[in-house]
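Encoded as structure tokens, the structure appears first; notes follow it.
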Amino acid sequence: MTPSPQTPTTRLRFLQQWTSLGGLMKYGALFSAFLVFLPLTAIHDVPLHGILGGLFVDLTPWEIYFVSIALLGLAWSLMFTEGLIVNSIGSWLNGGLAYRRVDANNPTGYVPAWAEKFFSVPVTPPQFAFFSLLVVPGLLVVVDNGVAGVTRATLAAALGVLTAYGLLIVLSAPAAIVDRDDLPMRGMPLAGPIWSWLTSIGPLVSAVQAVHRAVSWVLQVFGLNYMLGPDPTGRGRVVHPPHFIAITNATGLVVLIALTALVFSPVSPKRADAPGGEAGTPAVGTPAGVATTAAAGGTAPSWLGRVLPSELPAVMYLYIMAITLVLTLTMLQFHLGRLRVSPVATLVLIVILGYGWSALDHYFRIVRRPPPRPENALTPVAIARGSGKNIVVVVASGGGILAAGWTTLALEKLIEARPELRREIRLLSTISGGSVGAAYFLDSTLRGEPPAAAKVKSTRSSLAATAYGFAFLDLPRLVTGGLVSSTRDRGILLENEWLAIANGTVSGGRVDKHSGVLTDRSLASLRDPIRQGIIPAPIFGATLMESGRRVMITPIDFPGQADRRRGETLSEFLLDGDEADVSVWTAARLSATFAFVSPAARADIPPPPGKTAPVHQAHHFIDGGYYDNFGVTSALDWLEPVLRAREQREAGLDFERVLVVQLRAFRRANPKELRARTGAIAALLGPFIGLEAIRDGAAVSRNDIELARFAGAWKTRLRAVAPDRPFDICLATLQPPPGAEGPLSWHLTADDKKRLENTWTPLEASAVIAYLAGTGPCPEPVN
Amino acid sequence: MSRSSGQWLAAWTLSAFVATMALALVLSALATPMVEQTGFKMVHLQLSGAHPLLAWTPWGKTPTKDILAAWKDKGLLAPARRAQLVDFVFPPVYGAFALLLAIGLRRVHAVGASGGRWIWGVAAGAGAALLDECENLCLWSVLQHPDDPSRVLAALAAVAAVLKMTLLAAALGTFLFAVFRARA
């Protein structure tokens, strides 16, 4: 029913008005809450602190300047869009014009009268003050946590606020010029004099009026007549000034965002494959980008002789995404609301139809090679040979960048305490963040760097690159249903960033990235150094989205391809017979497909000529942590053939001790101490909470049981077969002390890095070292 | 009421509401370590001075000294003081919100057929804020002497807290009644 001012007053009408206001402003309220509460995550124990809190910390003055502009850009986008939506009630009610001047004596009655006056265009000082105040928490947080002190941070923020205000005046100027009697903002400092001055420039006025008429013509062509009113000069119909200001501001914002995308576009590095691939087995169907990609830029942008930062902080891109969504959703709401069509449903439809029509997807690059010759195969036994008395298997769990840092920290400290571990560690079975740490460890070792360098590199944030990809590549692609598309996505940008960091130089705890040709490493190129005992063999664990099965991305050639008692390798799954080679960074990225940070991706395999590709080649890879966040299952898959070979007394397998070290960046919670959920939560969300809990719960209990059975069974078997040869399997765990865990995200602050360093547990580590030296027992297992 | 003053009233009321929500979130976060490690919330400390009179409530079962000892044992006195310090900012914010809301509701009601002086009951939230500041001063002093907290100050804080909660409940009740009686 359409209410009207003539409807008799009732108590229900009051509630109706508030409900209508809520319905009209739902997106505005949502993004206003986002604007206010997101920066508060920088405070410890605020919900989402662990995931997002670090984004607002350690910003340089330059970064604070840009973030201040973005904060106000979002706040003022909300101000204009919500004002126009409330103004357009007349159109929604009776199909009339999408703008009505506020008439205090004749409210529509659809929303509370105060709201109709308050949320409006032209913008009034109280409205401007309210929306501007929404950014105060954000400004306070970034200034207080800035890296260069409060004074410089305050100056940077103040400069950002002034710049944003200047941009607002300039972007609103066209609307002020076309109608001096209906100014878009009233009572604002500086705006009036500037607009008056601009109005005195004849050619500018003519140009703006031409644009005004052109925009009006376009709107007429598209049938958006409800945005048009009579031209004061009597020459047809023109767009209302409030809509004109929205159009100029939205256009200006889009241009600014596009400029930001252009200036701060991450460099596509020149790559050179590291030597050591399978000699004599040329790549087949090499997709573009694996061997060498075109370089783009490589230096920090400069402006008037001042060098700008080469990248913006991830939080800046988060706000750009929010602005994009605000403009998209409110625009759809404005135009479709009168037809009572949901903007979200429309967007979902656009995505489904657009992706279906264009067959868009996210891809990762692989190189198809013939399988290695049997004599060159890197079998588990070949890896284990020559390890000496000890074989050490390191199993690194997932957990974002903290897990990457914990993995490299543990490897650094352990090798420092026992240099023999460089040869004794024969396998790294890793998941998600642990995989990223492992990739840096392998790469640094091959570069001849000290283990500490891998730790510094692995804890350097790479979130800005993926946030850039999300804001400028993947979100536009999503909301346009693939109309705006690029061959790059945030997953590829993340890989490029890791590659650039890996090629950087570590000095004073910092990584200086280089432009120019960067050395990339394919998994095949690792075979020789693994065989020579220079580095351990990696297994990067990933999960298949469609089937939930585990896949091992590894250079290891497992025997018995048809043996379904173990997980499949990438090559076995994708290319029945051939080898699927990927970059180490692609392997790490697939293993660490953290929800929404990087996209689920499928292999880029062109179908054979004249044939369709097998359906499984289009399956998507997601984070290895969905299946087993600890990497234990793959480690057992590797140990099984090694121990069987020792049982059969194969030559070169002289080890007496097998140590499986679990590196966990986060302690397991005692299940009996977990907070109980309320009955309402259990009734509404119980199945989802249960499914999420099972992800870790199932892996934990399965791993504990399998490890214990595996160790017990093999100890019995090997001791029975050769009573004269000592043999032991020991399971150890290294994890931070209680309460010392850091954030679960892809960004560490300077404090987080210090805390990570301080969480190392030398006592537990020394027990592991003593066991390997034969001077101590196997450490007690931990839960 | 001029259009402009009505809009400023709306702007400040909405701003005070947002600030109240933001500060409530921050305070809740600052108190989390105390809750997680000892089970005692700030409200336990506020009412502890009335022990054992309020032992029948969920928050009045423990005397002040025991709460402070538990926090001291876990090294939580500094976080508790920090939370208490931020708590000084909270009452002016929610007090202003209650006062502005009362003024706004009075005006909205004046438009309709009903409306009366009772609607100023919503402004009881501002009175609660004054009491909250008194309570904060007492608790601040108590937190400075965890080994020997003043029983008088703790008792004063508890009295202020009880009155504050009563006024807040009255303000909330009035607000809900105002919504029920409202006519568009």
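Tabulated data
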read-out: Hits in region A:227-255 - residues which are assigned to a helix (DSSP H, G or I) and of a type in the set (Ser, Thr, Tyr); value: A:THR248, A:THR251
read-out: Pick from region A:755-779, criterion among the hydroxyl-bearing types (Ser, Thr, Tyr) and at pLDDT 90 or above, ranking: farthest from A:GLY739 (Cα to Cα); value: A:THR775
read-out: So B:LEU9, is it over 24 Å from B:VAL162 (Cα atoms) and touching a Ser or Thr at 6+ places or on another chain (Cβ under 8 Å); value: no
read-out: Hits in region B:15-52 - residues which are hydroxyl-bearing (Ser, Thr, Tyr) and more than 11 Å from every other protein chain (Cβ to nearest Cβ); value: B:THR20, B:THR38, B:SER48
read-out: Subset tally (residues that are charged (D, E, K, R) and either in contact with a Pro (Cβ under 9 Å, 6 or more places away or on another chain) or closer than 26 Å to A:ASP654 by Cβ (or both)) for region A:369-384; value: 2
read-out: Every residue from region A:112-155 that is facing another protein chain (nearest Cβ under 10 Å), surrounded by 23 or more Cβ atoms within 10 Å (Cβ to Cβ) and over 21 Å from A:MET185 (Cα atoms); value: A:PRO137
read-out: Residue match in region A:509-524 (condition: crowded, with 20+ Cβ neighbours inside 10 Å and over 26 Å from the mean Cα position of the chain (by Cα)); value: yes
read-out: Given (1) buried (at least 18 other Cβ atoms within 10 Å of the Cβ); (2) not in a helix (DSSP H, G or I); (3) not small (Gly, Ala, Ser), number of the condition A:ARG180 does not satisfy; value: (1)
read-out: Evaluation of B:THR64 against (1) β-branched (Val, Ile, Thr); (2) crowded, with 21+ Cβ neighbours inside 10 Å; (3) within 12 Å of chain A (Cβ to nearest Cβ) (one fails), failing number; value: (3)
read-out: Criterion (more than 16 Å from B:LEU131 (Cβ to Cβ) and modelled with pLDDT under 90) met by exactly one of B:TRP71, B:TRP56; value: B:TRP56
read-out: Scan of region B:143-184 for residues that are farther than 12 Å from B:VAL122 by Cβ and either within 14 Å of chain A (Cβ to nearest Cβ) or touching a Pro at 6+ places or on another chain (Cβ under 6 Å) (or both), ordered by number; value: B:PHE180, B:ARG181, B:ALA182, B:ARG183, B:ALA184
read-out: Test: residue in region A:658-677 that is part of a helix (DSSP H, G or I) and either surrounded by 11 or more Cβ atoms within 10 Å (Cβ to Cβ) or touching a residue at least 60 places away in the same chain (Cβ under 8 Å) (or both); value: yes
read-out: Test: residue in region A:436-450 that is in contact with a Gly (Cβ under 8 Å, 6 or more places away or on another chain) and surrounded by 24 or more Cβ atoms within 10 Å (Cβ to Cβ); value: yes
read-out: Among the candidates A:GLU650, A:GLU692, residue that is among the acidic types (Asp, Glu), exposed (fewer than 14 other Cβ atoms within 10 Å of the Cβ), at pLDDT below 90 and not in a loop (DSSP other than H, G, I, E, B); value: A:GLU692
read-out: Which numbered condition A:ILE492 fails, given (1) within 24 Å of A:PRO599 (Cα to Cα); (2) in contact with a Pro (Cβ under 7 Å, 6 or more places away or on another chain); (3) in a helix (DSSP H, G or I); value: (2)
read-out: Test for B:LEU27: is it within 30 Å of B:GLY121 (Cβ to Cβ), surrounded by 22 or more Cβ atoms within 10 Å (Cβ to Cβ), touching a residue at least 40 places away in the same chain (Cβ under 8 Å) and out of contact with any Gly (no Cβ under 7 Å at 6 or more places or on another chain); value: no
read-out: 1 or more residues closer than 20 Å to A:ALA580 by Cα: qualifying helices (runs of 4 or more DSSP H) within region A:353-471; value: A:380-384, A:432-446
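The rows are residues; the columns are (1) under 27 Å from A:ILE43 (Cβ atoms); (2) of a type outside the set (Lys, Arg); (3) outside any helix (DSSP H, G or I).
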site	(1), (2), (3)
B:VAL122	no, yes, no
B:CYS138	yes, yes, no
B:PRO149	no, yes, yes
B:VAL162	no, yes, no
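The values are calculated or read from the model by the stated rules, or taken from the named source; none is laboratory data. Predicted, not measured: the structure shown is a model, and the values here were computed from it. For neighbour counting, all protein chains shown are included, and Cβ atoms are generated from backbone atoms with ideal geometry for every residue, glycine included.
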